[in-house]
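**Q** Sharing a structure, written as C-alpha cells. Questions coming.
The values are calculated or read from the model by the stated rules, or taken from the named source; none is laboratory data. Since the model is a prediction, treat every value here as computed from it, not as a measurement. In this analysis, Cβ positions are derived from the backbone assuming ideal geometry, glycine residues included, and neighbour counts consider all displayed protein chains.
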Amino acid sequence: MIRSICATGATAALILSTPAAAQTVAPSEGGSTRNPATPTVTSYPQAAAGDGANTNGYNLSRWAEDWSALRDPAKRRDPIDRLKFLPLDGDGDIYVTLSGEARVRVNHTTNPNLRETRAQRQDIRRLVLGADVHVGPHLRGFVEVAHGGISGVALGVPAATLRNDLVVQQAFVEAGADVMGADVGVRYGRQEFTDGPNLLVSQRDNNTIRYTLNGWRAWARTPLARIDVFDLKPTQYGDLGADDDVIDPARRFSGMTLGLVVPRRWLGGSKLYFDPFLWRRRNAVGAWGGRIGPAKRYYAGARLWGDAGRWTIDWSANRQWGTYIDQKIDAWQVFLAQTYRLGASPQGVRVGVHADYASGGGGYGDGTLRNAYAPFGNNIYYSYGLFLTPSNLIAVAPNVTVSPTKALRVTAEYQLAWRDNVRDAVYRANGQPFAGTQNVADAKIADVARLQAIWSITPRLSVTGRYEHLIAGPSLKQAGYRSSDFLAGWVSFRF
C-alpha cells in the first residue's frame, strides 16, 4: 500500500507544466507552481490522490516518490540511483531512499514594496536532505532537514522562510493497509499538504524553506473515489537552529476533501477529476484593516480539473463564511484556468487564459467582511514579486506556452488586475494591505507582463529564468506606489 501511495501524485503542484512538458521536464518551483492550468494526468486515476504530481519519478514532496524498482541493479543508470534504494535487510523489504536538493538563486527587484527606493538583490541558497525509511509494505517514516541562506543588497529583515540555519522541514510516520479493496492510511507529524486547488493550498516552493504543517492526515482510496480528512497546525519558523521551529499555537487547519473520477467516456474521452471539499481555518491573531483578533473561516467548494481532448482545465470555486472579531464573513473565490494545445503534437504551442475572482470589502471594519482569503496558497500565481493575492481581486490573464525543444519550455503572460471593491485595499501576497489604497476610488490595480523559461538539462538538473514588469495602475499610483521590475534566475539539482 505504501508503495502505491508513493507512486501517486496530484497535479496541483505542477501548475506551470504543459501536458507535453510533464513527460520530460524535471520538477522545480519554476515549473510547478505557476501556470494557467494543470498538466496531463499520467497515471490515471492514481495521480489524483492529493500528493503532488510525479515527473520522471520526481515530486516536489519527495515522500510521494516510488523508487522501489531500483532494487534491481540492472535498472540503475548511475551511482546516484544506488541512493534511492538502500536495503537494510536481506530481502529488501526494509529499505531507505535518500533524497536531496541544492538550489542557488538570485532575485532582483526594483522599487521593493512598490516604493521608490533602492533596488533589492537577494542571493539565496537552499540545501535539503531527506530519508524515507520503508519497513515492509505497511509502515514508513520520513524525515527531511533543510538549510536556507541569504545575502545581498537592501535585504531588510529576511523572513525565516528565506533564512534558516537548520530546520526539520518534515518528519512523520505513516501506516497503511488494504481494507476491502481500498487503500487506507494515516500519517502523523510534520508534513507538506497540497490536497486541493493550488491557489488555496501549496508547499510554496518559491520560498527557501517550504510551508509545512503538523498533525494528522488520514485517507481511504479506491480506483474511482477517495476521501481525505486532516487536522493540522502550521509550523512557526525561527531563523536559527532546529529548536526554534515550533508548532504555531494560534492557527489550525482541518477538514475533508473528496475525489471522484469523472467517467472517461464523457466529452468524447477525457481524464477529469471532481474534488469537493469542506475546510475550517481558525486563527487567533487574524488581521484586517489594522485590527487583530480571532477569526474562524469555513470553506465549501469544489474543483474540476484534468484533460478533455486538447483542453487542459483547472476550475474551482469556494464560498467562505464564519466570523472575524465582531464581523460576519461572507466571501467567494472563483478560479478558471484553461489552455488549448494547437496541433496534434504533444510539443505543440498552448494558448490559454485564466480568469479569477476573489471578493472584497469590509476589511476596515465596515459591515460584513467580504474579503476572500486563501489558507496558504500559491503566492506567486498573480505576481512573481508577491504584490498581488486572491483577496479583493479580479484578474484576467491570456498566456502562451511554447516548447522549442523537449527540454525547454517558455511561458509568456499578460495579466490585467482590478479590485472587486474600491472601498477596500489592494492586498499583497502575505495578506497585508497596501496602506492608503482603501482611500482611492479607482478599481484598476495594475497590468503585469510576465515571462518564464525552464531548461531541464536532465531530470535532476534544471535552470529557470523569470521576469516580471508590474505597471502600477491608479489605485496604487494615487496612494504613492510605483511600478516594479522583478528578475530571477536559479539552478536546481535534485537527486
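**Q** Scan the range 449-460 and give yes if some residue there is surrounded by 21 or more Cβ atoms within 10 Å (Cβ to Cβ), more than 29 Å from Ala287 (Cβ to Cβ) and among the charged types (D, E, K, R), otherwise no.
**A** No: the range 449-460 contains no residue that is surrounded by 21 or more Cβ atoms within 10 Å (Cβ to Cβ), more than 29 Å from Ala287 (Cβ to Cβ) and among the charged types (D, E, K, R).
**Q** Would you point out which residue out of Ala218, Ala171 is of a type in the set (A, V, I, L, M, F, W, C), surrounded by fewer than 20 Cβ atoms within 10 Å (Cβ to Cβ), closer than 27 Å to Ala317 by Cα and at pLDDT 95 or above?
**A** Ala218
**Q** Within the range 365-394, can you find the residues that are of a type in the set (Ser, Thr, Tyr), under 25 Å from Pro112 (Cα atoms) and in contact with a strand residue (DSSP E or B) (Cβ under 8 Å, 6 or more places away or on another chain)?
**A** Within the range 365-394, Tyr373, Tyr382, Ser383, Tyr384, Thr389, Ser391 qualify.
**Q** Next up: Do you know which residues across the range 221-233 are at pLDDT below 95 and either more than 16 Å from Phe277 (Cα to Cα) or outside any strand (DSSP E or B) (or both)?
**A** Hits for the range 221-233 are Thr222, Pro223, Leu224.
**Q** Then there is this: Looking only at the range 468-495, how many residues end up being part of a strand (DSSP E or B) and touching a residue at least 60 places away in the same chain (Cβ under 8 Å)?
**A** Residues meeting the conditions: 14.
**Q** Also: So in the range 77-134, with the set limited to residues that are assigned to a helix (DSSP H, G or I) and under 27 Å from the mean Cα position of the chain (by Cα), which one is nearest to Arg466 (Cα to Cα)?
**A** Checked the range 77-134; the qualifying residue nearest to Arg466 (Cα to Cα) is Pro112.
**Q** Can you tell me how many residues within the range 346-365 are over 20 Å from Leu200 (Cα atoms) and either free of Cβ contacts under 8 Å to residues at least 24 places away in the same chain or charged (D, E, K, R) (or both)?
**A** Counting residues in the range 346-365 that are over 20 Å from Leu200 (Cα atoms) and either free of Cβ contacts under 8 Å to residues at least 24 places away in the same chain or charged (D, E, K, R) (or both) gives 1.
**Q** So, in the range 317-330, how many residues would count as being in a strand (DSSP E or B) and closer than 19 Å to Ile292 by Cβ?
**A** Within the range 317-330, residues that are in a strand (DSSP E or B) and closer than 19 Å to Ile292 by Cβ number 6.
**Q** Just to verify a result, which residue in the range 361-376, among those that are modelled with pLDDT of 95 or more and surrounded by fewer than 24 Cβ atoms within 10 Å (Cβ to Cβ), is farthest from the chain's Cα centre (by Cα)?
**A** Thr368
**Q** Regarding the range 111-124, can at least one residue be identified that is touching a residue at least 24 places away in the same chain (Cβ under 8 Å), among the charged types (D, E, K, R), closer than 26 Å to Gly377 by Cα and crowded, with 17+ Cβ neighbours inside 10 Å?
**A** No, the conditions are met nowhere in the range 111-124.
**Q** Output the qualifying pairs, or none if there are none: Cβ atoms under 7 angstrom, residues six or more apart or on different chains, first residue in the range 388-407 and assigned to a strand (DSSP E or B) and surrounded by 23 or more Cβ atoms within 10 Å (Cβ to Cβ), second residue modelled with pLDDT under 95 and hydroxyl-bearing (Ser, Thr, Tyr).
**A** Sorted first by the residue in the range 388-407, then by its partner, the pairs are Thr401/Thr18.
**Q** Collect the residues in the range 437-448 that are crowded, with 19+ Cβ neighbours inside 10 Å, not in a strand (DSSP E or B) and not β-branched (Val, Ile, Thr), keeping them in residue-number order.
**A** Within the range 437-448, Gln438 is the sole residue that qualifies.
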